[in-house]
């Protein structure tokens, strides 16, 4: 049995994560003995946190700002002696720690990152690019990596690998492979870590000094964010802080961690105290992204000589055998940013992608009218405002949107009222078309018990109404020379919550098919807040948001209004499952682990497990046939599309057994 499967369910190491730390130690310039104590406290703290990787600043054992003191034999010998003490003191401490030290080999002085793990030096990485411009004079004191005369060195009686081509791979943590570079290396056009990433390194680290000037902190983050995104990796950065010489420079002790372009954690800057910043890297996510990115592997093949030259150094991390919950934030609504300004930007972009798609379709077809069914619910409301905005963009009258509200056997008065208010406020051509007569005729034609006075409210009873609505819309489009605009969303497609064929599954064009329910709610709220369509429209939009999500197909016989979420699960939770299963292919137990962390206080693990099982069954076993036959629709979000012409291709007759079995066997009740 793999080691991770023996860990507690609530251990992050069981689910493809690794805890990492970036530390900013305090230094005394040219006093390695004093600096050693600070480094050991950092390593000890990282061990207590359960971290697998610790990154400390450049030349932190001696201080970076020693200048020509680096040519003093006393300083170099003391640095070496203190390094041996640091190494010995790490016996029994778990993290692989990267410490900055000046070291002499072949009569040359190198600015080095030393990889220390449990009382041993695993490897030494020299700085590749030495800055010799503006305030930097490193070539005056140091030699660059290319001046090394071998790829191994003798130190403390051991032969260890030496070079910028080392990747430290954990033997017992899948996908934990670490590379180190030093400060200036990441500021160059092709950082050494690029080739390490192409060779499999997932965690790239940078031991930096990096004095601070106005605007530099943002530029550091921009560089590291972009590099982590291009390399599909984590990037750990630790810059020098308190104690470095301020003869001509200042230091801000900036440390942060990026994962595939996104900021996970960042330290306080200008702190007078040493500090450790801890977060968790999702190695499984990085592996999943790389698995899908064909261009990443093309790049590796393009640079095969450099990639093949990368050397792997194995180490074994003593994984804590205890519950170790995540310390990073997992957004409960992955399709909807938590930050208000980011959310507004997301809504603006999603909305206008939908408008652009519909505008192009109308332009290409020469059709100038749209037919749409309006229920007073979320999806049709959002499709309607997209339709109106598209007509404005085409400089066509909104009357060209032919909107029909079509009450059935269970349509509520409130829904009908909201639908009319919405259509009136938006200035579309509004109609009410009662489908009960045609539905009764259909039920009678097929011999359904309802036509004989029996209260049999089965799937046939529901789908006859859905089918009648769609049939009317298509015939109305024929009659009016219009296009039927679909309203169904991504969440419904995932769960198969749509009536196949002649039902809400079908249209001429669908603007919502790659927009999840949780984002549609925010899109409607955003449009209401902007006041784009006026105060009456905004009031109607807010009324839509306040209503229960219901298909209104079955009359209330005393049990309350028919609830969609009571059948398929809470959309906010099912959208979470949808994102992590389709975007990254995570196994169900990991999705449940993430959901429990993200929705703490809202959903307990047994409820998460219950609804995740519903999702797995509906998504993998019963609904794919509907997704293989869907109308055209623009892809809106990076979360993906379920169109067979886009992000998702799958057999219509597969089994869900493997996913449900994994869930049942690995998630406790």
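Evaluate the distance, in nm, between pseudo-label points positioned 7 Å from the Cα of residue 363 and of residue 293 along their respective Cα→Cβ axes.
3.2 nm
Would you calculate a helix-derived [θ] at 222 nm for the chain, using -39,500 (n - 2.57) for each DSSP H run of n ≥ 4 and dividing by the full residue count, to the nearest 500?
Numbers: 22 runs with 258 residues, N = 669.
Only helices count here, giving -12000 deg cm²/dmol.
How far is helix 436-445 tilted off the main Cα axis of the chain, in degrees rounded to 10, range 0 to 90?
On a 0 to 90 degree scale, this one is about 80.
With axes computed from alpha carbons, what is the tilt in degrees of helix 459-480 against the longest principal axis of the chain, rounded to the nearest 10 within 0 to 90?
The angle comes out near 80 degrees.
Kindly work out what percent of the DSSP beta bridges joining two residues of the chain are antiparallel, to the nearest 5. Don't skip to the answer; put the middle values down first.
Values: 39 of 75 bridges.
Roughly 50 percent of the DSSP beta bridges within the chain come out antiparallel.
Where does helix 588-598 land angle-wise versus the long Cα axis of the chain, in degrees 0 to 90, nearest 10?
90 degrees
Please state the shape class of the stretch 340-666: rounded when a/c is under 1.5, otherwise prolate if a/b exceeds b/c and oblate if not, all from the C-alpha gyration tensor. Walk me through the numbers before you get to the answer.
On the way: a/c = 1.56, a/b = 1.20, b/c = 1.30.
Judged from the Cα gyration tensor, the stretch 340-666 comes out oblate (a/c at least 1.5, b/c at or above a/b).
Work out, step by step, the length gained on full extension between residue 37 and residue 530: first 0.36 nm times the residue separation, then minus their alpha carbon distance; give nm to one decimal.
Gain in length upon complete extension: 171.8 nm.
Students often check this: by mean Cβ neighbours within 10 Å, which of 437-445, 280-288 ranks highest, and how do the rest follow?
Working: 437-445: 15.7, 280-288: 23.3.
Peptide ranking by packing, descending: 280-288, 437-445.
Relative contact order of the stretch 371-434, please, whole-number percent, based on alpha carbon pairs below 8 angstrom and at least 6 residues apart.
Working: 91 pairs, mean separation 25.6, N = 64.
Answer for the stretch 371-434 is 40 percent.
Please label the shape of the stretch 15-315 as rounded, prolate or oblate, based on the square roots a ≥ b ≥ c of the eigenvalues of the alpha-carbon gyration tensor (a/c under 1.5 means rounded; beyond that, a/b larger than b/c means prolate, else oblate).
Details: a/c = 1.35, a/b = 1.29, b/c = 1.05.
Rounded, because the longest to shortest axis ratio a/c is under 1.5.
What whole-number distance in Å separates the alpha-carbon centres of the stretch 296-330 and the stretch 454-470?
With the stretch 296-330 and the stretch 454-470 each reduced to a Cα centre, they are spaced 54 Å.
May I ask you to derive the relative contact order of the stretch 429-563, considering only C-alpha pairs under 8 Å and at least 6 residues apart, and to give it as an integer percent? Working shown, then result.
Working: 136 pairs, mean separation 22.8, N = 135.
This gives 17 percent for the stretch 429-563.
Sort 339, 489, 392, 185 so the one with the fewest other Cβ atoms within 10 Å of its own Cβ comes first. Present the calculation step by step, with values, prior to reporting the outcome.
Numbers: 339 9, 489 27, 392 14, 185 23.
By the 10 Å Cβ count, ascending, the order reads 339, 392, 185, 489.
Order by neighbour count: 599, 187, fewest other Cβ atoms within 10 Å first, most last.
Values: 599 20, 187 16.
In order of increasing Cβ crowding within 10 Å: 187, 599.
Using Cβ counts within 10 Å as a stand-in for footprinting exposure, how do 64, 579, 457, 404 rank, fewest first? Spell out each step's value before the answer.
On the way: 64 28, 579 24, 457 16, 404 20.
In increasing order of surrounding Cβ atoms, one gets 457, 404, 579, 64.
Using the Cα gyration tensor of the stretch 192-300, with a ≥ b ≥ c the square roots of its eigenvalues, what is the shape: rounded (a/c below 1.5), prolate (a/b larger than b/c) or oblate (neither)?
Working: a/c = 2.82, a/b = 2.15, b/c = 1.31.
Verdict is prolate for the stretch 192-300.
Expressed in nm to one decimal, what extension gain is obtained for the pair residue 149 and residue 629 from 0.36 nm per residue of sequence separation less their Cα-Cα distance?
Working: separation 480, 0.36 × 480 = 172.80 nm, distance 6.32 nm.
Contour length minus the Cα-Cα distance gives 166.5 nm.
Relative contact order (percent) for the chain, with alpha-carbon contacts under 8 angstrom and 6 or more residues of separation?
11 percent
Run the numbers for residue 602 and residue 340: contour at 0.36 nm per residue of separation, minus the present Cα-Cα distance, in nm. Don't skip to the answer; put the middle values down first.
On the way: separation 262, 0.36 × 262 = 94.32 nm, distance 2.14 nm.
Here the answer is 92.2 nm.
Rule-based calculations on the coordinates, nothing more; no lab input. What you are looking at is a predicted structure, and each value in this text was computed from that prediction instead of being measured. All Cβ positions, glycine included, derive from the backbone under ideal geometry; neighbour counts span all protein chains shown.
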